[in-house]
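All remarks here apply to the structure that follows.
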Amino acid sequence: MSNRTASRKRYEPQQDGISQSEHQVSDRANQLYSVDRPAHAWYRFVLSYPPHLVRDYVSRFGLTSNQRVLDPFCGTGTTVVECKKLGIPSIGIEANPMAQFASETKVDWSPDPDALLAHAQRVAQETLRVFAAQGIEDDVFDAHTNGHLPGSLKTLTDEQMDMLLTNSISALPLHKSLVLLDVLKQHQDARFMHHEMLALAKALVLTISNLHFGPEVGVGPAKRDAPVVPSWLEQVCEMGNDLRQLPRPGASAQVLLGDSRHLLDLIEPNSVDAVITSPPYPNEKDYTRTTRLESVLLGLIQEKSDLKALKRGLIRSNTRGVSVEDDDDRWVADHPEIQRLAAAIEARRLELGKTSGFERLYARVTKLYFGGMLRHLADLRSVLRPGAQLAYVVGDQASYLRVMIRTGQILGDLAESLGYKLEGIDLFRTRLATATREQLREEVVVLKWPGNKHYPSPSKDGAHMATKNRYEQIIERIFAEKFVAGTSEVAFTRDDIVAAAQALDVKLPKNLGDVIYSFRYRVALPESIRSKAPEGCDWIIRPAGQAKYRFVAVVSGSTRITPNLLQPVIKVPDATPGLISNYALSDEQALLAKVRYNRLIDIFTGVTCYSLQNHLRTTVPGMGQVETDEIYIGVDKRGAQYVFPVQAKGGKDQINIVQIEQDFALCADKFPELVCHAIGAQFIARDQIALFRFDMSDTGVSQIAEKHYRLVAPEDVSAEDLKSYRERPED
């Protein structure tokens, strides 16, 4: 997940690409220079590698403003921030929502510093006014002298408290932090909200909580109290001062929330010139613990199911994230060194008589880690341009019963098996292992992607050979037969699906439409198709009539709708019958039921609505057969009447813009006299639902609103919640 250690010491690689140099590299080279603090210091992991490392490799790779750098394990954004400072476009991928939020904010230099500070001062004054009414002091010198606490302190739910490290924050600092958070939301200004929230995240970790880092996260002596507003305001002031120095707008930079093993769901093919990153190391560090407090307080993790979902998106580098469904280990089933290491770890466990559940997983998590990294490197190839240069910061580990894992050497070997060229392995520093006091190497694996047209692909049985399911084979054959270079549309029919299956001698799917559905909403199109899209575009599949379809090139990144995890959550008393809640799954049917029982469409739109029909399937001129999940009809206080087609997605499916286009076409054909606003519904967690509202204009579909609703017991809607809702400005 995280950017990690690094100070750079080059050496000449020998024939196998591995240096024999063992010189100690000073830890000072891994520190953040004062000149580098602007933006980098806004929020930073203790083990983040330093900005000067990024500069070194940018220089070594000869990167310019006409190229693009990727950090697929973005952490808190060292690579993307430094690239932005250097004027080089970049993109980051991060699976931890707190780290992704921090990185995304750190590359946003748009706020006016004076306006940011003025708004923060107003928020601070209002928060202190609330404290004064409660008899609470929050002066930096007097905060520790509060003798009498208010009768009722704000706190988190029991489930949220269970997710935190025990005693990670004391009751009064927690209360004050939640009050500040409420005031921030009541007086939020979209221009500054992310920066002010990130400042609170840093203040929580730095001064408000009882946490300490050395470098592992731990809990120190409990503070009865701590200054909250002064600590937060100090961080906002630092941001304001930095914004005066940083170039605006700077080079383009974005950070996406996602799994580094599924890059093609996030990044357009053939678009990356260099990678500078640090994946997690194979050890027992649970990286989600490092950001747990601020993740929960800022609402990025709200219940244990959110935490479980977060861990599913991470490379398995520790036993705390392993589940029975994991199968990344199968991707390295034929790698002799990884299998030898796993066997050695298991033999050591049996020798030492270690029997805990976590210790029993040490051998398996080692295989899962390298299998996950193999999947990442395999998927990465399609987004790289020929000649792309890569730098991976990794470290040797002996966390699993003191069996030495030479991470850099194994990753280099895996990369070579996938067609990469191993340029060398640079030594950054050596460090002492905690348990053995043995010197461990921290290195950077330097790779080059030659742009092989036919490279080996890993399969789950461990064999490095191309394996495609029948849907991929069918869609590839159709596209290859119909595509003409230079075109932006490729037409085909349902009969072509049948013909392709027969020509390939593969079993014909029972539901032919599922071939189309799969590539619209579940998985990316095969690389052989993606690579032929015009520059800056992706292919999507649109209906074109009865049993007719079209591949259409659209602007990259514009086709899938995902929830903004920083959207404030509105609590709604859950009206779902208990019997339904007991047996509801996490699929679209359960989602539609909860939306209907809780009248969320009415709440979201401000229109009195009634469900007209579920799963309306009909034929639309120019499109053919289309289907929408549910149709609502509504009337507002003026008497105007509306139609709201709803597309619902549960599980891993995502709302696609093609569905929304179909809904508008359906309503224009079947309900021409009604005002149409398409609605998207997405499960975020079991009882949290994101709703999106769309409009259609001459330029196409646009998202005009997004709200998140959490279904709770009536008593869980507090007086403070109701007050914040009353004071929240209307859209």
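When you check Tyr420 against the structure, is it at pLDDT 85 or above, among the aromatic types (Phe, Trp, Tyr), crowded, with 18+ Cβ neighbours inside 10 Å and in the same structural domain as Phe61 (by TED's automatic domain parsing), yes or no?
Working: at pLDDT 85 or above: yes; among the aromatic types (Phe, Trp, Tyr): yes; crowded, with 18+ Cβ neighbours inside 10 Å: yes; in the same structural domain as Phe61 (by TED's automatic domain parsing): yes.
The answer is yes for Tyr420.
Identify all residues within region 639-691 that are closer than 28 Å to Leu266 by Cβ and either of a type in the set (Asp, Glu) or part of a loop (DSSP other than H, G, I, E, B) (or both); write none if there are none.
Step one: filter region 639-691 for residues closer than 28 Å to Leu266 by Cβ, giving 645-664, 678-691.
Gly650, Gly651, Lys652, Asp653, Gln654, Glu661, Asp663, Arg686, Asp687, listed by residue number.
What's the number of the condition Gly75 fails, among (1) free of Cβ contacts under 8 Å to residues at least 40 places away in the same chain; (2) closer than 28 Å to Arg289 by Cβ?
(1)
Go through region 322-336 and give me each residue that's in contact with a helix residue (DSSP H, G or I) (Cβ under 6 Å, 6 or more places away or on another chain) and part of a helix (DSSP H, G or I). If you could, list the steps in order and put the result at the bottom.
We begin by selecting, within region 322-336, every residue in contact with a helix residue (DSSP H, G or I) (Cβ under 6 Å, 6 or more places away or on another chain); these are 322, 326, 328-329, 331-332.
Asp328, Asp329, Trp331, Val332 - these are the residues of region 322-336 that are in contact with a helix residue (DSSP H, G or I) (Cβ under 6 Å, 6 or more places away or on another chain) and part of a helix (DSSP H, G or I).
For Arg617, state whether it is on the phi > 0 side of the Ramachandran plot and outside the structural domain of Ser103 (by TED's automatic domain parsing).
No.
Can you go through Arg617, Arg596 and tell me which one is out of contact with any His (no Cβ under 9 Å at 6 or more places or on another chain), surrounded by fewer than 21 Cβ atoms within 10 Å (Cβ to Cβ) and outside any strand (DSSP E or B)?
On the way: Arg617 fails: outside any strand (DSSP E or B).
Testing whether each residue is out of contact with any His (no Cβ under 9 Å at 6 or more places or on another chain), surrounded by fewer than 21 Cβ atoms within 10 Å (Cβ to Cβ) and outside any strand (DSSP E or B) leaves just Arg596.
Looking at region 151-163, which of its residues are small (Gly, Ala, Ser) and at pLDDT 70 or above? Explain how you work it out, then say what you get.
Looking only at region 151-163, we keep the residues that are small (Gly, Ala, Ser), and these are 151-152.
The answer is Ser152, and nothing else.
Residues being outside any loop (DSSP other than H, G, I, E, B) and under 21 Å from Tyr43 (Cα atoms): count how many of those fall in region 284-306. Spell out how you get there, then give the answer.
Taking region 284-306 and keeping what is outside any loop (DSSP other than H, G, I, E, B), we get 287-290, 292-297, 304-306.
Then keep just the ones that are under 21 Å from Tyr43 (Cα atoms); that gives 287-290, 292-297.
Count: 10.
When the residues of region 438-485 are filtered to those that are among the aromatic types (Phe, Trp, Tyr) and assigned to a helix (DSSP H, G or I), which remaining residue is modelled with the lowest pLDDT? Outline the logic, then answer.
Filtering region 438-485 for residues among the aromatic types (Phe, Trp, Tyr) gives 449, 455, 471, 479, 483.
With the extra rule that they be assigned to a helix (DSSP H, G or I), the set shrinks to 471, 479.
Values: Tyr471: 83, Phe479: 94.
For region 438-485, the residue satisfying everything is Tyr471.
Within region 573-623, can you find the residues that are among the aliphatic types (A, V, I, L, M) and closer than 22 Å to Ala668 by Cβ?
The initial filter retains those residues of region 573-623 that are among the aliphatic types (A, V, I, L, M), namely 575, 579-580, 584-585, 590-593, 595, 600-601, 603, 607, 612, 616, 620, 623.
Residues satisfying the conditions are Ile601, Val607, Leu612, Leu616, Val620, Met623.
Kindly provide the set of residues from region 216-259 that are surrounded by 13 or more Cβ atoms within 10 Å (Cβ to Cβ), assigned to a loop (DSSP other than H, G, I, E, B) and in contact with a Lys or Arg (Cβ under 9 Å, 6 or more places away or on another chain), ordered by number.
Once the filter is applied, which keeps residues that are surrounded by 13 or more Cβ atoms within 10 Å (Cβ to Cβ), assigned to a loop (DSSP other than H, G, I, E, B) and in contact with a Lys or Arg (Cβ under 9 Å, 6 or more places away or on another chain), region 216-259 yields Glu216, Asp225, Ala226, Pro227, Val228, Leu246, Gly250, Ala251, Ser252, Asp259.
Any chance you could count how many residues in region 208-227 are touching a helix residue (DSSP H, G or I) at 6+ places or on another chain (Cβ under 9 Å) and more than 18 Å from Ile136 (Cα to Cα)? Give the steps one after another, and end with the answer.
Filtering region 208-227 for residues touching a helix residue (DSSP H, G or I) at 6+ places or on another chain (Cβ under 9 Å) gives 208-211, 213, 216-217, 223-227.
Add one more test, that the residue is more than 18 Å from Ile136 (Cα to Cα), and what stays is 210-211, 213, 216-217.
Residues that pass the stated criteria total 5.
Leu380 - would you say it is part of a loop (DSSP other than H, G, I, E, B) and not acidic (Asp, Glu)? Reasoning before the result, please.
On the way: part of a loop (DSSP other than H, G, I, E, B): no; not acidic (Asp, Glu): yes.
So Leu380 fails the test.
Against the conditions (1) closer than 16 Å to Glu588 by Cβ; (2) surrounded by 13 or more Cβ atoms within 10 Å (Cβ to Cβ); (3) over 31 Å from the mean Cα position of the chain (by Cα), where does Thr628 fall short? Just the number, please.
The number of the failed condition is (3).
Quick check on region 125-150: of everything there that is small (Gly, Ala, Ser) and either at positive phi or loosely packed, with under 11 Cβ neighbours inside 10 Å (or both), which residue is modelled with the lowest pLDDT? Steps first, answer last, please.
Going through region 125-150, the residues small (Gly, Ala, Ser) turn out to be 132-133, 135, 143, 147.
Narrowing the set further to residues that are either at positive phi or loosely packed, with under 11 Cβ neighbours inside 10 Å (or both) leaves 133, 135, 147.
On the way: Ala133: 91, Gly135: 89, Gly147: 53.
Among residues in region 125-150 that are small (Gly, Ala, Ser) and either at positive phi or loosely packed, with under 11 Cβ neighbours inside 10 Å (or both), the one modelled with the lowest pLDDT is Gly147.
Counting just the residues of region 666-680 that are closer than 21 Å to Thr608 by Cβ and free of Cβ contacts under 8 Å to residues at least 40 places away in the same chain, which one comes out surrounded by the most Cβ atoms within 10 Å (Cβ to Cβ)?
Only one residue fits best here, namely Ala678.
For Val394, indicate whether it is of a type in the set (A, V, I, L, M), touching a residue at least 40 places away in the same chain (Cβ under 8 Å), in the same structural domain as Phe73 (by TED's automatic domain parsing) and under 18 Å from Ala274 (Cβ atoms).
Numbers: of a type in the set (A, V, I, L, M): yes; touching a residue at least 40 places away in the same chain (Cβ under 8 Å): yes; in the same structural domain as Phe73 (by TED's automatic domain parsing): yes; under 18 Å from Ala274 (Cβ atoms): yes.
When the stated conditions are applied, Val394 passes them.
Does any residue in region 276-299 that is β-branched (Val, Ile, Thr) come within less than 7 Å, Cβ to Cβ, of a residue that is in a loop (DSSP other than H, G, I, E, B) six or more places away or on a different chain, and which pairs are these?
These pairs meet every condition: Thr277/Pro72; Thr277/Phe73; Thr288/Asn96; Thr290/Phe45; Thr291/Asn96; Val296/Leu156; Val296/Leu164.
Name every residue in region 346-371 that is part of a helix (DSSP H, G or I) and β-branched (Val, Ile, Thr), in order of residue number.
Filtering region 346-371 for residues part of a helix (DSSP H, G or I) gives 346-352, 357-360, 362-371.
Correct list: Val365, Thr366.
The values are calculated or read from the model by the stated rules, or taken from the named source; none is laboratory data. Nothing here was measured: the structure is a model prediction, and the numbers come from that model. Heads up, the Cβs are rebuilt from the backbone with ideal geometry, glycines too, and the neighbour counts pull from every protein chain shown.
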